[in-house]
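Structure first, then comments.
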Amino acid sequence: MPKATANFLTIFLFALSLGLSLPNLGKIQLLVMDEAQTVPGAQSYLGLVPPSSLNSRNPPFGKEVLALSIKIFGDNFFAYRLPSALAAAFTVVLIFRGMLLLTQSNAAGLVAAGLWLTSTLAYLHGRLATLDMMMTCWMLAAAVVFLKSMKHTSALGRARWLWVACALAALGAAVKVLVLLLFPWFLFGLLENRAAWPLKKSLPHFFAAALLLPAEFMALSYQAIGYSLSQIPAEILRMVKLQSTLNRDFSGLSPWYDWFLMKGNLLFYSSVLPTGARYSMLCANNPVLWIGGALSVLLLPLFAWKYRDFLLSLIALMVPMQIAFWLAFKKQTILSYGLALEPWFCWAIALVLFYLCKSIFRSRWALQVWGLSLVAVSGVFFFKKLPLVRGQWVELRGPVSTKGLDETLPSQEFKDNDSHP
């Protein structure tokens, strides 16, 4: 695998993702969904608006990044959404580089990255001023670094990269707490890799990093917006109680199992503007990613056993862990949890395809042909849904047609109201 080629593809994928996300990024002067909480939260950190209790629905670090963008580029919609566009570009790079770590194959990396780029869910979040794409980017960065630590040949190198992985996970958890799932995932990886890296050496590093870094980074993020150390525990407890109340009282968008049954299409309408226009956006789970990803996750342990590569089963493990998180803490699949799952689906599909081609076809062109075909099929779905996704929102005038959308959606989801259905 030529290093120059991999570096070129890394830069190309980063530029391609930005090219998809940046056009007309600030064109629509309207806050929808969680933008209505994250943007005022970031503005309040800069003193542009009064503080609001909604600012504390999540930890502050993600909104601090958004506030930095506003500080640099001004108080405008482009600045609000730029961090998500950049996070989306880094995410596709991480998907590609992570696959290189696992397979040493540029083709497999391009398959995984191509599948991610055909996700309407990822495209949408790359153009929204929410925390979800930032959370996904930090989560994946930590996972890639952890995989690198497991591949390292020296104990000192493993320890160093493990600390970096825990630091990235801690930063992600300071955006959204879902990233905390990485710490038990790291532990499973260390237990599985104990022959190469004895637990008496690995566990002290892990527990020190896992206990110290999240608390330290969370404290720093709260101190940056004026909280004292004595106030931070009470504020975190208030945030947890608020989030619990919101989750309990929220009727839900779509149950998690509906997403696997392909009923996870969510259509959001804005309220009618003074001009008589309104905007819609569609969040749809791509069946290639969700059905293919779920099936691939089931096959990965078989390839892990055949090729004696425990990292394959570790990749598969993250999917049921995330679903268990949904079951434990959410009665509905909100968009962020669907988004965080998709990179693992992209990896799983590309890994299964890589090992199938290696086992059956034994041709250097097999992976390219089958991978391109799979990405093309996924792309067909993306472009079919694109009219309701492109430009971030489509302007609507007159009667609204729901033709082509999931007919099982409740009719009240198409009423004119606020930013939520």
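The values are calculated or read from the model by the stated rules, or taken from the named source; none is laboratory data. Given the structure is predicted, the values throughout are model-derived calculations rather than measurements. Note that each Cβ is placed from the backbone with ideal geometry, even for glycine, and that neighbours are counted across all protein chains shown.
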Query raised in the report: Hey, does region 299-321 have a residue that's in a helix (DSSP H, G or I), modelled with pLDDT of 85 or more, basic (Lys, Arg) and surrounded by fewer than 21 Cβ atoms within 10 Å (Cβ to Cβ)?
Result: yes
Requested in this report: Return only the number of the condition from (1) of a type in the set (Lys, Arg); (2) within 30 Å of Gln43 (Cβ to Cβ); (3) over 20 Å from the mean Cα position of the chain (by Cα) that Arg127 does not satisfy.
Outcome: (3)
Report summary line: Considering region 354-375, residues that are in a helix (DSSP H, G or I) and aromatic (Phe, Trp, Tyr), and then whichever is surrounded by the most Cβ atoms within 10 Å (Cβ to Cβ), we arrive at Phe354
Query raised in the report: Does any residue of region 385-398 turn out to be more than 22 Å from the chain's Cα centre (by Cα), modelled with pLDDT under 50 and exposed (fewer than 13 other Cβ atoms within 10 Å of the Cβ)?
Result: yes
Query - Long-range neighbours under 6 Å by Cβ, at least six apart or interchain, first residue more than 16 Å from Ala155 (Cα to Cα) within region 192-217, second not in a helix (DSSP H, G or I) - result: Phe217/Ala174
Report summary line: Picking from Pro214, Pro184, Pro198, Pro204, the residue that is at pLDDT 85 or above and in contact with a helix residue (DSSP H, G or I) (Cβ under 6 Å, 6 or more places away or on another chain) would be Pro214
Query raised in the report: Do you know which residues across region 223-261 are modelled with pLDDT of 60 or more and either acidic (Asp, Glu) or part of a loop (DSSP other than H, G, I, E, B) (or both)?
Result: Ala224, Ile225, Gly226, Tyr227, Ser228, Leu229, Ser230, Gln231, Glu235, Pro255, Asp258, Leu261
Query raised in the report: Does Gln368 qualify as being at pLDDT 85 or above, more than 15 Å from Trp290 (Cα to Cα) and of a type in the set (S, T, N, Q)?
Result: yes
Query raised in the report: Do the conditions hold for Trp326, that is, is it modelled with pLDDT under 85 and buried (at least 20 other Cβ atoms within 10 Å of the Cβ)?
Result: yes
